[in-house]
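Data first, discussion second: the structure below is written as structure tokens.
The values are calculated or read from the model by the stated rules, or taken from the named source; none is laboratory data. Nothing here was measured: the structure is a model prediction, and the numbers come from that model. No Cβ is skipped: glycine too gets one built from the backbone with ideal geometry, and neighbour counts run over all protein chains shown. The protein model used for the area step is the full one, side chains on, heavy atoms only, and it has no ligands, DNA or RNA in it. Shrake-Rupley method; radii C 1.70, N 1.55, O 1.52, S 1.80 Å.
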2 protein chains.
Amino acid sequence: MVTIKNIAELANVSIGTVDRVIHNRGEFSLKTEEKVRKVIKELNYKPNVIARSLVSKKEVKFGVFLPKSKQDENYWKLPAAGIKNAEKELEIYKIKIIYFYYDKYSKTSFKKCFNKMLEKKDVLDGILIAPVISELASEMINKIPENIPFVFIDSCIQNSNFLSYIGQNTQKSGALSAKLMNLSVKVPGSIVIIKIISNDYHINNRIKGFLSYFKKLKDNKIIIYEPEKGKDLNNIIKTALKENKNLRGIFVPSVYAGRIAECTKKKSLCVIGYDLTTKNESLVKTGAIDFLINQRPELQGYLGIMTLFKKVVLKETVKKEIRIPIDILTKENIEEYKDQI
Amino acid sequence: MVTIKNIAELANVSIGTVDRVIHNRGEFSLKTEEKVRKVIKELNYKPNVIARSLVSKKEVKFGVFLPKSKQDENYWKLPAAGIKNAEKELEIYKIKIIYFYYDKYSKTSFKKCFNKMLEKKDVLDGILIAPVISELASEMINKIPENIPFVFIDSCIQNSNFLSYIGQNTQKSGALSAKLMNLSVKVPGSIVIIKIISNDYHINNRIKGFLSYFKKLKDNKIIIYEPEKGKDLNNIIKTALKENKNLRGIFVPSVYAGRIAECTKKKSLCVIGYDLTTKNESLVKTGAIDFLINQRPELQGYLGIMTLFKKVVLKETVKKEIRIPIDILTKENIEEYKDQI
DNA sequence: CGTCTGTTCGTTATCGTACACGGAAATAAT
DNA sequence: ATTATTTCCGTGTACGATAACGAACAGACG
């Protein structure tokens, strides 16, 4: 193992000088800088993180910008759980996390919360963002100072200077749902898509992927229902059943499959939805939901913090994109997906 | 953060004494021991792993007992990859891994390799084992000294004193395969199980799970083919097709689905197999294999080492069992499962 | 030539833990 | 009582990196 002492000896300077060069703290001549840098390169010196974090008294602080935990049927407590997991694991490295929870159904809350985070910009060494309201996010993102790296989870603002994006290929997940739907629907008929949350990046792409899969086939008729906000789901289902005498399946490209499935007690319907919330889980177990797509939210949160840690503390290069697998959950395997990382 | 210095002060002794008590190195009186232990408990002292691993010059060595990487269509290089991942991540903690690769089709090799590992028992601080030949493993396991913790991946020898088991519920995965088969077979007919490797824990349990699912239904006829070792698979398939005029699906409860699918170019057959090897991957993409079950072999290896690390270095308590989710892979999502941890 | 300022660098204490060394007290042996 | 032997405990150094402190030396200026 190469230490700064080795470097100091070979470069004929003291460890203090080596340290100054490494951290660009000035107070050295060009000549010694070159000498030191040359030796560092030759020996392929990598600083010892352990020694570094032992001596350094300064805490590393990461900001986390997430929807409130209870929103979307408690979905958002899952990424938060993964983040807390990472926080605990990194406690020893003096990593602290400051949480900023916003209301994902309120632009005002989003803005206010983001600004509150920006007030702390002088103490933050990195930021994790779930940019659920994408139009707003792409504005606000620009206000983050250049020197603070930020990662996205869940969704991504492509034309921004993000460090890394951790999330699922949403369109593919839609196509996968379509495959499963097609497999489950043995007799041709109508398939209904219930679009509860509109104007959402994920929802729209899932539908896009779903439709693209069915475009090639032509056996089934696909209808999209887009109920107004806050309207009774029972009525939607009733309407759907009335308007489609041969309804075969329901695709719910959001976390609300459980709510829908509670209304359709008819077992002959194939219901496909997203995310392992407690409600969804129990309805998969009863058979009311046939398939759930899982996006490993805990892992997304965990990896988000780990990516920041690798970049900021370990100074490693990180992947620009981490693809989250598209898990298929059914009655038979759902139990095995619980309590993962 | 509580340090031994704090404890020393409160207990009115020196840090040297505290250290001796903590490590039970003797040379202290009963009275001081009690004082020190009391303070440790009161302050809930947790040693600083960072400082500890910085000062300690001793390497921690883990033994890894795995089938040769190239066996089972290169399947076994996947857990090894996960292990190497963990090794790299833990390099800084002076963790070293010694690999012992055996031929999983030779009892002699298994024994010899295990004994070779046991020769190193004085330097090993933990062992990771894939006990593929279970009868032999359950004998050999007893020779591991009491003080060396060992974890299982892939499969488990239940009546042994293992620290942790990381693996999949094999029977459930069989039932899941059956569900998928049942879903894919739209017209009743025969379903063939091809049991290439016999006398294997996984294979038998997968078949058990598969059969149990179909027992309730009665639409399809299930036949098990058990070709002799080294026999041409093409012939097996030919025979199966000849003997079952209405063959609908093939279940391959091993890694060899790809080999089988190469022989059956008929698209009307549903083929379900196991594991994301390169061969299997390409055949899923062509559509020759309909479903693959993934058991996250890289993750198993990674978690195996991490579990040993947590126990031996961090002295944390670890889970006795880590369930690996049963991933369903299809043409639509297989790409997203590649290059995972 | 003396004083001053600024640049450049070496020395040293520190983080929390481990462990060797040696000293003081207490007990045993003579 | 004196010496020898335990028992018990404090001190010091090391691990590798950081950063404060101050020394050495140069050139500038009167």
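Mind checking the dipole of region B:170-294: about its Cα centre, +1 per Lys or Arg Cβ, -1 per Asp or Glu Cβ, Debye to the nearest 20? Walk me through the intermediate numbers first.
Working: 22 positive and 10 negative charges, 89 e Å.
Charge dipole of region B:170-294: 420 debye, to the nearest 20.
Using 30 Å as the Cα-Cα cut-off, could you pick out the over-long pairs in B:116/B:338; A:77/B:94; A:96/B:315; B:208/B:242; A:279/B:88; A:96/B:88?
Values: B:116/B:338 34 Å; A:77/B:94 36 Å; A:96/B:315 23 Å; B:208/B:242 25 Å; A:279/B:88 40 Å; A:96/B:88 25 Å.
B:116/B:338; A:77/B:94; A:279/B:88, as the Cα separations exceed 30 Å there.
Let's test the formula: R0 of 45 Å, r as the Cβ-Cβ distance of residue B:225 and residue B:123. What FRET efficiency results, to the nearest 0.05?
On the way: r = 47 Å, r/R0 = 1.05.
Efficiency at R0 = 45 Å is approximately 0.45.
Based on the Cα gyration tensor of chain B, what are the three equivalent ellipsoid semi-axes, each the root of five times an eigenvalue, rounded to whole Å and given largest first?
On the way: eigenvalues 496, 77, 58 Å².
Semi-axis lengths for chain B are 50, 20, 17 Å.
Over all residues in B:44-51, what is the mean tally of Cβ atoms on other chains that come within 10 Å of each residue's Cβ?
Per-residue shielding by partner chains comes out at 3.
Taking H as built 1.01 Å from N, whose amide H comes closer than 5 Å to the amide H of residue B:276, not counting residues under 5 places away?
The answer is B:295.
Roughly what would the spin-label model give for residue A:52 and residue B:24, points 7 Å off Cα along C-beta, in nm?
3.7 nm
Magnitude of the Cβ-charge dipole of chain B, K/R +1 and D/E -1, about the Cα centre, nearest 20 debye? Before the final figure, lay out the partial values.
Details: 59 positive and 38 negative charges, 100 e Å.
Its charge dipole is roughly 480 debye.
For the charge dipole of the protein assembly as shown, defined by +1 on Lys and Arg C-beta atoms and -1 on Asp and Glu C-beta atoms about the Cα centroid, which residue among A:168, B:123, B:164 has the Cα displaced farthest towards the positive pole?
Result: A:168, furthest along the dipole toward the positive end.
Work from the charge dipole of the protein assembly as shown (Cβ charges, +1 for Lys and Arg, -1 for Asp and Glu, about the Cα centre) and give the residue of B:64, A:313, B:109 farthest towards its positive end.
Farthest towards the positive pole: B:109.
Hey, what do the phi angles of region A:13-20 turn into as Karplus ³J(HN,Hα) couplings, whole Hz, using 6.51/-1.76/1.60 and θ = phi - 60°, x for Gly and Pro?
Taking θ as phi minus 60°, the curve returns 9, 8, 4, x, 5, 4, 4, 5 Hz for region A:13-20.
Report relative contact order for region B:120-183 in percent, whole number only (criteria: Cα-Cα under 8 Å, sequence separation at least 6).
Details: 65 pairs, mean separation 18.6, N = 64.
Here the relative contact order equals 29 percent.
If each DSSP helix of 4+ residues adds -39,500 (n - 2.57) and the sum is divided by the residues in the protein assembly as shown, what number results at 222 nm, nearest 500 deg cm²/dmol?
Numbers: 28 runs with 296 residues, N = 682.
Using -39500 (n - 2.57) per qualifying helix, the result is -13000 deg cm²/dmol.
What accessible area, in Å² to the nearest ten, does a 1.4 Å probe give for residue B:68?
Approximately 70 Å² for this residue.
Would you rank B:316, B:34 by solvent-accessible area, highest first, keeping every protein chain in place and using a 1.4 Å probe?
B:34, B:316
Over the alpha-carbon set of region A:170-294, divide Rg by the Kirkwood Rh and report the Rg/Rh ratio to two decimals. Don't skip to the answer; put the middle values down first.
On the way: Rg = 12.9 Å, Rh = 14.1 Å.
Result for region A:170-294 is an Rg/Rh of 0.92.
Once Lys and Arg get +1 and Asp and Glu get -1 on their Cβ, which of B:75, B:151, B:86 lies farthest toward the positive end of the dipole of chain B?
Going by the charge dipole, the pick is B:75.
Step through the residues of region B:68-76 one at a time and calculate ³J(HN,Hα) from phi using the Karplus curve (6.51 cos²θ - 1.76 cosθ + 1.60, θ = phi - 60°), rounding each to whole Hz and writing x for Gly and Pro.
Result, ordered by residue: 4, 3, 7, 6, 6, 6, 6, 4, 6 Hz.
On a 1.4 Å probe surface of the protein chains, which of B:41, A:238 comes out largest in accessible area, and what is the full order?
Working: B:41 170, A:238 130 Å².
Correct descending sequence by accessible area is B:41, A:238.
In whole angstrom, note down how far apart the Cα centers of region A:1-72 and region B:66-99 are.
Their Cα centres are 30 Å away from one another.
Run the numbers for residue B:34 and residue B:70: contour at 0.36 nm per residue of separation, minus the present Cα-Cα distance, in nm.
On the way: separation 36, 0.36 × 36 = 12.96 nm, distance 5.57 nm.
Here the answer is 7.4 nm.
Just to verify a number: FRET efficiency for residue B:107 and residue A:99, C-beta to C-beta distance, R0 = 56 Å, to 0.05?
Values: r = 56 Å, r/R0 = 0.99.
Given R0 = 56 Å and the Cβ-Cβ separation, E is 0.50.
Collect residues whose amide H, placed 1.01 Å from N in the peptide plane, falls under 5 Å from the amide H of residue A:2; neighbours closer than 5 in sequence don't count.
Under 5 Å from the amide H of residue A:2: A:46.
Could you go through region A:192-202 in sequence order and give the Karplus-derived ³J(HN,Hα) for each residue, using 6.51 cos²θ - 1.76 cosθ + 1.60 with θ = phi - 60°, rounded to whole Hz, and x for Gly and Pro?
After applying 6.51 cos²θ - 1.76 cosθ + 1.60, I find 10, 9, 10, 9, 7, 9, 9, 6, 10, 3, 4 Hz.
What aspartates and glutamates does residue B:38 reach when the alpha-carbon gap must be under 15 Å and sequence neighbours fewer than 8 apart in one chain are set aside?
Correct list for residue B:38: B:9, B:19.
Which whole number of Å³ per residue matches the convex hull of the alpha-carbon atoms in region B:4-47? Mind dumping the intermediate values first?
Working: hull volume 2.6 nm³, N = 44.
Taking the convex hull of the Cα positions in region B:4-47, it is 59 Å³ per residue.
What is the distance, in nm, between label points placed 7 Å from the Cα along the Cα-to-Cβ direction at residue A:89 and at residue A:15?
In this crude label model, residue A:89 to residue A:15 measures out at 3.1 nm.
Can you give the Rg to Rh ratio of the protein assembly as shown, both from alpha-carbon atoms, with Rh computed by the Kirkwood formula? It would help to have the intermediate numbers written out before the result.
Values: Rg = 28.5 Å, Rh = 28.3 Å.
With Rh from the inverse mean 1/r over Cα pairs, Rg/Rh is 1.01.
Report, by chain and number, residues whose modeled amide H sits under 5 Å from the one on residue A:102, excluding near sequence neighbours (fewer than 5 apart, same chain).
A:66, A:68
If you average the sequence gap of Cα pairs under 8 Å that are 6 or more apart and divide by the length of chain A, what percent do you get for the contact order?
Averaging sequence separation for qualifying contacts and normalising by length gives 17 percent for chain A.
Let me spell out the model: positive unit charges on the Cβ of Lys and Arg, negative unit charges on the Cβ of Asp and Glu, origin at the Cα centre of the protein assembly as shown. What dipole size does that give, in debye rounded to 20? Don't skip to the answer; put the middle values down first.
On the way: 118 positive and 76 negative charges, 182 e Å.
The dipole magnitude comes to about 880 debye.
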